Amino acid sequence: MMQKTCNCEAMTDQEKLKFIQDVIEDYDHDPSSLIQILHVAQNVYGYLPIEVQEHIADQLDLPLSRVSGVVSFYSLFTTVPKGKYVIKICLGTACYVRGSKRVIERLEKILKIKLGETTEDKKYSLEITRCMGACGLAPAMSINEELYMQVNPDKLMDILENLEGGEIQ
């Protein structure tokens, strides 16, 4: 099946729901397509609010508990909005040994959030991940899938300020 795309940020909530409805129809309301439909819904909304899960459950004739169970089981899915920039810090062995914990501590201080949180302005989310495959250049982190290697606390302000060419508040 061809992957549908949308200019989701410009869409109203009603248009987003219609887009998801069209995807569900493309999958013939097949419950075995739940994961694919959830992927699309998360791409549209940026996360999976309960109202969207309820709509999908209703359209696929599934209990909400089944849909929510899939959402909570897979770490790829989230039920909370993410920031514009999702920062993931590697806590794999090499990164941890080479100081990723200090990187996390500095980011928490700079962004004024803890791991798993998003800044009030919805600009940054802070998460951990396991091995990013850059062990030789640890510690590593990614921001929206762009990999940064040999990161240390002193480099963080420059990295963050270069994201949009602006200063961190």
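The values are calculated or read from the model by the stated rules, or taken from the named source; none is laboratory data. Computed from a predicted model, the values in this text were never measured in an experiment. All Cβ positions, even for glycine, are placed from backbone atoms using ideal geometry, and neighbour counts span all protein chains on display.
The condition (being within 29 Å of Ile128 (Cα to Cα), free of Cβ contacts under 8 Å to residues at least 40 places away in the same chain and charged (D, E, K, R)) is satisfied by just one residue among Glu9, Glu25, Glu15: Glu9.
Each residue in the stretch 103-153 was checked for being touching a residue at least 40 places away in the same chain (Cβ under 8 Å), more than 14 Å from Ile89 (Cβ to Cβ) and touching a helix residue (DSSP H, G or I) at 6+ places or on another chain (Cβ under 7 Å), and 1 pass. Looking at (1) surrounded by fewer than 20 Cβ atoms within 10 Å (Cβ to Cβ); (2) of a type in the set (A, V, I, L, M); (3) part of a helix (DSSP H, G or I); (4) not assigned by the TED database to the domain that holds Glu146, can you tell me which one Val67 breaks? Going through the list (1) surrounded by fewer than 20 Cβ atoms within 10 Å (Cβ to Cβ); (2) of a type in the set (A, V, I, L, M); (3) part of a helix (DSSP H, G or I); (4) not assigned by the TED database to the domain that holds Glu146, Val67 breaks only (1). Against the list (1) in a helix (DSSP H, G or I); (2) in contact (Cβ under 8 Å) with a residue 12 or more places away in the chain; (3) over 21 Å from Thr118 (Cα atoms), the condition Asn43 fails is (3).
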